[in-house]
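First up is the structure itself, then whatever we jot down about it.
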């Protein structure tokens, strides 16, 4: 039996009208050719997606066949594994296509190729084979751990089939094995795309069979180790903590690991006295047993004819993933389904807020907020953003690490002055890290549109809101006051600690810029109602172009600051200027027209014409929203 | 919440001297999704202060009608006036005067009841004090006041339904759209809501009630309209409909009108088919 019995089955998640939404956008007669081109492109995309789906299903089928004896030994049911896997993989890959038929899984693979190529280019200068292999496998292990951390929660606790499986006579291990294979297939495709450029680069350097063998096997083992280690972490947390708390613990683990990784890259070499990476890798002999990428490095050294000096390392290369796998199986062998069912169902007691405590967090901002926001609708936008930005798991996962990164970059920058003495220029040079708080602002704005409960936007749609810009303005104020300005103030404290009180005016200019730039970004990145679109896992963190643009704005602001600082006292003028600009930007947000915010706010009788007008003027960030609006209202000719 | 205040902030509704203007006036309403005509010319006038049952089989066009009346769906043909305002021209005026309890509504799970009601109140520009007073009053009636600081994700389906009804009543609208409002409610709560609907109607509010539950429609509604394939196939009080059908219960009338004379035999055939496939 194979999985691809009926590859033509349309997914129940796909709309029959999807992809037919671009007619009105083109408008006039000359658009026929472009429509035909679009149809061809759509067909190609669909064929690629089908190929990917079929490949994944075949891979999973082969894995199940190979593992059948072992599954029977574990008393897992191979046919049930196959059934669960088949349904899940089909559903997963079709979901990845999304409503706009852009297969984001293929984009993920392209991203993996890019990341792998970047790592390969960086590693190309390393001449020592074992060091190269250690660093390459280290990079792959990190990529995989992050990929798995992201994939495991939504693949393991998948609402779509969990209720059915929990109520069927399925053993814990049968279910677990099915999920593990699914995770391996999904994550494996991404790892493959990341590993490919490194493999090619390595093959150019060492065009030998030993390289090909060691790299391939090491990559497979790294992948398995990452998957099993992540599963142990997740299953362990599920065992120790109550279901709802477990989700938070995992979230903090994800955020913590991200910060640790980037923090160690940024601050590690400084703290280690600026040794180069190669020296660090070569010198860490004592810790080798505990760092799996070393195993691959040792194997490669031996495979190229080196002396077999450390057989323990060679054995660990196989033992560690095996032990991790057994550990995960042991934890999963009892009570897994009931715990996952509970995690899915939620628990009342953990989510309650004690009466009287609700105002504690952020209450100190209230007097300031009341001064800035007087309109109730604007206040609704502010509160909506403030509350959900603290509680929405997806939002926190995608944005919180960036706050820590801004601080880490700031601290890293300040190290220069701690080590090299006071700045030679003036205080403005020292205040530069305050601007770092703005670097990731677009990520916040983009992610603030999505929510696990985005379909709850009907409550906005049914409310009599004549100025939706007020809601966006409230969100902008929330983003500035609750996130970016506080982060800039934290960095500012470090700056003042290093530079003394004379840098305070420069620091204030930086903070004022952050306030203005936040509102500016909300307006420019494509405003929408806060948390009003259903969250889709395939929505990327952000786009690189936007981050580059943010960098340009930030760089320009820093440049202006440095120039203005040459004129004594002029820095106060800049402070006032940013204050005025922030005020104007808030005014602009409040007065945005409905179609600038969201097309579904149009008076309903004018929907058709208004939507077409909106499409004509839509910004890149709004296009998907326009598409969906058309799909929602498919009476369009 | 003061239910004894005069009904409408709107022109022409519930005036003592002249016959009240209809609170909902639909004329030749048509709507199509791609090639399918969902509404094929609905004509309807609804007086204030009635409980109006709007029933029909799945796909008959009930939800589409409600979406149009609540200003959520455009692109229709025909004339639709709600509380004296043309929905196509001034949907915001309509939205200000209606309350809506959708079926299977998604809510922001991470908000507490208090936060959710504050949000709704602010979107309707209710003064904070009034919103709080009303929210506490309604929630107390639903015995939910002690859970006001619980997150919505921790609530049962019935509790969520009560929160939705609270949100719909918060701004004291003259017209309420209730789509399966008893869904998930226990016996006590369902009885409470039925009584509440009656009480609201007695105080001049109009209830537009969509449901598949014939027993409830039969007992609660003053006037019942049955639609099928986008057209009205019956319109009258329960007594009128059951008399016309001579079949007793509303369920029988409904089956007769939507599935024809052979409805009962048809059901038996299908049951036999299902049971037979299990053998």
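Observations, loosely collected:
- Residue that is more than 16 Å from residue A:376 (Cα to Cα) and more than 14 Å from every other protein chain (Cβ to nearest Cβ), where the choices are A:480, A:456: A:480
- In the set (1) touching a helix residue (DSSP H, G or I) at 6+ places or on another chain (Cβ under 9 Å); (2) facing another protein chain (nearest Cβ under 10 Å); (3) crowded, with 21+ Cβ neighbours inside 10 Å, residue B:181 fails one condition alone, (2).
- The residue that is surrounded by the most Cβ atoms within 10 Å (Cβ to Cβ), counting only those in the range B:59-78 that are away from chain A (no Cβ under 14 Å) and touching a residue at least 40 places away in the same chain (Cβ under 8 Å), is B:62.
- Boolean, residue A:343 is part of a helix (DSSP H, G or I), within 14 Å of chain B (Cβ to nearest Cβ) and at pLDDT 60 or above: yes
- Any hit, the range A:212-230, residues being surrounded by fewer than 17 Cβ atoms within 10 Å (Cβ to Cβ), over 28 Å from the mean Cα position of the chain (by Cα) and not in a helix (DSSP H, G or I): no
- Of the residues making up the range A:56-72, those that are touching a helix residue (DSSP H, G or I) at 6+ places or on another chain (Cβ under 9 Å) and touching a residue at least 40 places away in the same chain (Cβ under 8 Å) number 9.
- Here residue B:86 fulfils each of the conditions (1) within 8 Å of chain A (Cβ to nearest Cβ); (2) at pLDDT 90 or above; (3) closer than 24 Å to residue B:196 by Cα apart from (3).
- Candidates in the range A:292-317 are the residues that are over 15 Å from residue A:132 (Cα atoms) and within 38 Å of the chain's Cα centre (by Cα); of these, the one that is surrounded by the most Cβ atoms within 10 Å (Cβ to Cβ) is A:317.
- Candidate set: the range A:585-599, residues that are assigned to a loop (DSSP other than H, G, I, E, B) and within 18 Å of residue A:477 (Cα to Cα); chosen: the one modelled with the highest pLDDT: A:591
- The set of residues in the range B:139-163 being assigned to a helix (DSSP H, G or I), away from chain A (no Cβ under 11 Å), surrounded by 20 or more Cβ atoms within 10 Å (Cβ to Cβ) and more than 17 Å from the chain's Cα centre (by Cα) consists of B:139 alone.
- Per-region count, the range A:227-248, residues closer than 29 Å to residue A:406 by Cβ and modelled with pLDDT under 80: 4
- Of all residues in the range A:565-590, those satisfying the criterion of being within 16 Å of residue A:429 (Cβ to Cβ) and crowded, with 17+ Cβ neighbours inside 10 Å are A:565, A:571, A:574.
- Restricting the search to strands (runs of 3 or more DSSP E) fully inside the range B:198-272 and requiring at least 3 residues that are closer than 25 Å to residue B:26 by Cβ, in contact (Cβ under 8 Å) with a residue 24 or more places away in the chain and out of contact with any strand residue (DSSP E or B) (no Cβ under 7 Å at 6 or more places or on another chain) gives an empty result.
- Leading residue by the ranking (surrounded by the most Cβ atoms within 10 Å (Cβ to Cβ)) among those in the range B:99-120 that are in contact with a strand residue (DSSP E or B) (Cβ under 8 Å, 6 or more places away or on another chain) and more than 8 Å from every other protein chain (Cβ to nearest Cβ): B:99
- Yes/no for residue B:129 being more than 11 Å from chain A (Cβ to nearest Cβ), part of a helix (DSSP H, G or I) and under 20 Å from residue A:379 (Cα atoms): yes
- Condition check for residue A:337 on (1) more than 30 Å from residue A:430 (Cβ to Cβ); (2) surrounded by 15 or more Cβ atoms within 10 Å (Cβ to Cβ); (3) out of contact with any strand residue (DSSP E or B) (no Cβ under 8 Å at 6 or more places or on another chain); (4) at pLDDT 80 or above: one failure, at (4).
- Qualifying residue in the range B:164-171 (condition: away from chain A (no Cβ under 13 Å) and modelled with pLDDT of 90 or more): yes
The values are calculated or read from the model by the stated rules, or taken from the named source; none is laboratory data. This one's a predicted model, so the numbers in the text were calculated from it and none came from an experiment. So basically every Cβ, Gly included, is an ideal-geometry build from the backbone, and we count neighbours across all protein chains shown.
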